[in-house]
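Peer 1: First the structure, which I've put down as structure tokens, then a few questions once you've had a look.
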Amino acid sequence: MKEHIDFPKVEKVGVCAVPKTNEGMSFWEVHLINMLDVEITNLLISMRGYGKKDERELNTSQLRQYVERLGAKTSIQVELIPEELVGLNNQYWVSFYIDQTIYDKKFIFLPDSLLEKNTVELPILKKRGILII
């Protein structure tokens, strides 16, 4: 059934990860960023981690989060990636509406992408992090 739905291309909506340290613990804050001039609604975000770590196959629980509205030019934090899960593929599948049109896109932080040296200045958040659009 999904193959019968025409999903337009997602533009100016992305997922970013911001490195953080708190009380000696390192992690990455994951945010969904709406860089559009319009509000997006009925967001469903599906999150999971998978891959190999220390020669072991790992899969995290799949989490889902619903957000009713995300205003124009704003962001929302959706997850924390602890240091022990940084070497995995961290996937975020996001579906949302603009007016009556549904949009859908998968964003993946690959195993070696969450590194401080890969950070750039992020729009909206005005912090350094890694952005996938």
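Peer 1: Listed residues Arg69, Arg64; which is touching a Leu at 6+ places or on another chain (Cβ under 7 Å), open to solvent by 80 Å² or more (accessible area, probe 1.4 Å), at pLDDT 95 or above and charged (D, E, K, R)?
Peer 2: That would be Arg64, the only listed residue that is touching a Leu at 6+ places or on another chain (Cβ under 7 Å), open to solvent by 80 Å² or more (accessible area, probe 1.4 Å), at pLDDT 95 or above and charged (D, E, K, R).
Peer 1: Looking at the stretch 2-27, which of its residues are touching a Lys or Arg at 6+ places or on another chain (Cβ under 7 Å), under 14 Å from Ile132 (Cβ atoms) and assigned to a strand (DSSP E or B)?
Peer 2: Of everything in the stretch 2-27, just one residue is touching a Lys or Arg at 6+ places or on another chain (Cβ under 7 Å), under 14 Å from Ile132 (Cβ atoms) and assigned to a strand (DSSP E or B), namely Val18.
Here's the yes/no breakdown for (1) within 22 Å of Asn89 (Cα to Cα); (2) in contact (Cβ under 8 Å) with a residue 12 or more places away in the chain; (3) of a type in the set (Ser, Thr, Tyr):
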| position | (1), (2), (3) |
| --- | --- |
| Ile33 | yes, yes, no |
| Val38 | no, yes, no |
| Asp54 | yes, no, no |
| Asn59 | yes, no, no |
| Val67 | no, yes, no |
| Gly71 | no, yes, no |
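Results for (1) more than 12 Å from the chain's Cα centre (by Cα); (2) more than 15 Å from Glu29 (Cα to Cα); (3) open to solvent by 40 Å² or more (accessible area, probe 1.4 Å), shown as yes or no for each residue.
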| site | (1), (2), (3) |
| --- | --- |
| Tyr92 | no, no, no |
| Ser95 | no, yes, no |
| Ile98 | yes, yes, no |
| Lys106 | no, yes, yes |
| Ser113 | yes, no, no |
| Lys117 | yes, yes, yes |
| Leu122 | yes, no, no |
| Lys126 | yes, no, yes |
| Leu131 | no, no, yes |
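Peer 1: Another question, then. If I filter the stretch 46-57 for residues that are hydrophobic (A, V, I, L, M, F, W, C), surrounded by 13 or more Cβ atoms within 10 Å (Cβ to Cβ), at pLDDT 95 or above and under 12 Å from Phe96 (Cβ atoms), do I get at least one hit?
Peer 2: Taking every residue of the stretch 46-57 in turn, none turns out to be hydrophobic (A, V, I, L, M, F, W, C), surrounded by 13 or more Cβ atoms within 10 Å (Cβ to Cβ), at pLDDT 95 or above and under 12 Å from Phe96 (Cβ atoms).
Peer 1: Condition test on Ile102, is it closer than 14 Å to Thr60 by Cα and either part of a strand (DSSP E or B) or modelled with pLDDT under 95 (or both)?
Peer 2: In short, no.
The values are calculated or read from the model by the stated rules, or taken from the named source; none is laboratory data. Everything numeric in this text was worked out from a predicted model, so none of it was measured. Positions of Cβ are generated from backbone atoms using ideal geometry, with glycine treated the same way; all protein chains shown enter the neighbour counts. For the accessible areas, the whole protein counts, side chains as well, though only heavy atoms, and no ligand, DNA or RNA atoms are used. Shrake-Rupley method; radii C 1.70, N 1.55, O 1.52, S 1.80 Å.
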